[in-house]
Structure formats: structure tokens, C-alpha cells
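Have a look at the structure below before the remarks.
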């Protein structure tokens with residue numbers, strides 16, 4: 001029996017595109033993230049709490065007072081269901097917004113750390129340059145150093161002149 005060669009995937013060639021039977025919905029994750037941040041930012045405000053409190057009070061008062069138009073009796077099951085649904089959507093949206101903020105904070109932290117490393121490297125470089133300049137200035141003759149050297153040289157010349165008798169027939173220095 002002839003054996004059929006085994007088909008292996010080659011890494012140097014792209015895969016064949018397979019069409020799905022049911023197309024998957026696509027969305028822009030960045031736009032969705034921005035929307036979730038806006039919602040989370042609104043949910044975290046006092047205005048949202050006031051709106052929710054007014055909504056719940058109006059709901060309860062309407063369903064207690066309006067005898068013929070009541071659509072949610074005393075245990076307020078529909079109100080509880082709506083609040084639970086709102087909380088079940090709010091929690092993941094808030095978590096998504098927190099994750100995006102954590103990502104931004106991490107990027108900011110990495111940039112700050114890189115900037116700090118560059119500042120340290122620049123400071124080290126400037127410190128080395130300053131040290132080399134100080135050493136170079138230490139090697140340069142200062143005015144006081146030149147004066148002291150010239151004074152020593154003058155003293156040596158005077159000493160030699162006093163000790164050497166000069167040319168033939170010159171005068172000897174006086175001894176005291």
C-alpha cells in the first residue's frame with residue numbers, strides 16, 4: 001500500500017485562510033475601552049449616586065402610591081433585577097477601566113524610570129567631566145605658584161651671585 005505523505009505546516013509559507021461558518025463580531029478595543037472609562041468615571045461620581053437614589057425613590061413611591069398603574073409590587077422584584085443587571089455590567093466596566101489605567105501607569109512608570117536613568121547617566125558624565133577639569137586646573141600654574149617659583153629662582157640667583165666671584169678681576173663679595 002502506498003502511503004500518503006504526511007502534510008506538515010511550513011513556516012516559510014502563510015497558512016490558508018479558513019472561513020468560519022458563523023462570522024465573529026469585531027469591535028475596536030480602544031473605542032470600547034474609552035467608552036468603558038467614560039462610564040466608570042460617571043459611575044464613580046456623586047451625580048450618579050444622586051440620580052440612582054432619585055430613580056429608586058421615584059420607582060418605590062410610584063409603585064406604592066399608584067394603585068391602578070402598579071407594575072412592580074412590594075418586594076420590587078423588577079427593580080432588584082434592574083439594579084442587579086446594572087451592577088453586573090458596572091463591575092466589569094470598572095475593572096476594564098482600572099486595567100487600562102494600570103497599563104497607562106505602567107508605561108508612565110517605565111518612561112519615568114528611563115528618564116531617571118538618563119539623568120543619572122548625564123549626572124555621572126558631568127561629574128567625571130568636572131573632576132577632569134579640576135585635575136586639569138590643578139595642573140595649571142596659578143599666579144601664586146608662579147610668584148613663589150620666581151621668588152625661589154631669584155633667591156637662587158642672588159645666592160649664586162654672592163658665592164661666585166665674577167669674571168677675572170671682579171670683586172669678591174664681602175663677608176660679614
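Quick look at the numbers
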read-out	value
Degrees, to the nearest 10: 143-163 long Cα axis against longest axis of the chain	20 degrees
Expected 222 nm ellipticity per residue - DSSP helices of 4 or more, -39500 (n - 2.57), all of the chain, to 500	-24500 deg cm²/dmol
Rounded to 10°, Cα long-axis angle of helix 29-43 versus longest principal axis of the chain	80 degrees
Simple spin-label estimate for residue 104 and residue 41 in nanometres, 7 Å along Cα-Cβ	0.7 nm
Cα long-axis angle, helix 46-65 against the chain (0 to 90 degrees, to the nearest 10)	10 degrees
Peptides ranked, highest mean first, by Cβ atoms within 10 Å: ranges 48-59, 144-155	48-59, 144-155
Binned Cα-Cα distances of the range 29-160, short to long, each 5 Å bin given as a whole percent	2, 8, 8, 9, 7, 7, 6, 5, 5, 4, 4, 4, 4, 3, 3, 3, 3, 3, 3, 2, 2, 1, 1, 1, 1, 0, 0
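Where a number appears in this text, it was derived from the coordinates with a stated rule and is not lab data. The shown structure was predicted, so the numbers you read here are calculated from the model rather than taken from an experiment. Every residue, glycine among them, receives a Cβ derived from its backbone with ideal geometry; neighbour counts consider all protein chains shown.
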